[in-house]
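Undergrad: Okay, handing you the structure first.
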Amino acid sequence: MASLYKKRNVWYISLMVNHQRITRSLRTKDYSTAKTLKPIVETSILQELTGITKTCLDLPFPKLVQRFLQAKHPWSQSTYDLNKYILNAHVHDKPLPSNPSSRATHIRHINQCWKWGLKHNLVKHANLIPGDTKGESRVRVYTEKELNLIF
């Protein structure tokens with residue numbers, strides 16, 4: 001038998017199965033909605049535990065990239081374009097750039113996609129690329145003429 005409880009104005013369902021507590025958010029602040037969702041979510045949890053339903057889709061990376069780019073993100077158009085370029089290049093097996101800062105940007109965006117897939121239960125395992133994700137800082141070299149203009 002599952003129980004409902006409220007935490008920070010959001011309703012949760014808690015269920016004990018095989019001496020293990022399983023808790024899921026119902027993502028609602030309304031008690032009547034939580035009561036309506038309780039049997040549905042309880043059945044869903046039991047089906048997952050018994051193996052009747054499979055929760056993880058385990059998508060291949062190209063499909064994950066499609067889902068990632070189609071999802072609603074608070075990105076500007078240029079950020080979307082950068083993500084699309086980097087992820088599609090990786091899907092088509094293009095090597096990572098040799099420039100350390102560009103390489104770090106590519107690694108960061110590819111790993112972001114994998115982590116998003118894990119968070120949304122679309123992959124079982126993230127094939128994260130190890131390496132530097134910060135890159136090198138730019139070094140500005142001033143000429144004497146530029147120094148005279150500054151000071």
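The values are calculated or read from the model by the stated rules, or taken from the named source; none is laboratory data. For clarity, every value in this text was computed on a predicted model and none was experimentally measured. Here Cβ is always computed from backbone atoms with ideal geometry, including for glycine, and neighbour counts include all displayed protein chains. Remember, those area values only see protein heavy atoms, side chains included, never the ligands or the DNA or RNA. Shrake-Rupley method; radii C 1.70, N 1.55, O 1.52, S 1.80 Å.
Undergrad: State in Å² the accessible area per residue of the chain; use a 1.4 Å probe, count heavy atoms of protein chains only, and round to the nearest integer. Each step should come with its number before you reach the end.
TA: Values: 11260 Å² over 151 residues.
In whole numbers, the chain has 75 Å² accessible per residue.
Undergrad: Which net charge results for the neighbourhood of N9, defined as the other residues with beta-carbon distances under 14 angstrom from its beta-carbon, given Lys and Arg at +1 and Asp and Glu at -1? Mind showing how you got there, number by number?
TA: Values: positive: K6, K7, R8, R27, K29; negative: D30.
Neighbour charge sum, excluding N9 itself: +4.
Undergrad: As a test of reading the structure, rank Y5, Y12, Y142, Y85 by solvent-accessible area (1.4 Å probe, protein chains only), most first. Walk me through the numbers before you get to the answer.
TA: Working: Y5 80, Y12 55, Y142 110, Y85 145 Å².
The ranking, largest first, comes out as Y85, Y142, Y5, Y12.
Undergrad: I'd like the FRET efficiency for L82 and M1, computed as 1/(1 + (r/R0)^6) with the beta carbon distance as r and R0 of 35 Å, rounded to 0.05.
TA: Efficiency, rounded to the nearest 0.05: 0.10.
Undergrad: Moving on to the next point. Answer with a single label: of (i) 32, 18, 11; (ii) 25, 21, 12; (iii) 46, 21, 14, which was calculated as semi-axes √(5λ) of the Cα gyration tensor in Å from the structure in view?
TA: (iii)
Undergrad: Can you give the accessible area of H73, probe radius 1.4 Å, in Å² rounded to 10?
TA: For H73, solvent-accessible area is about 50 Å².
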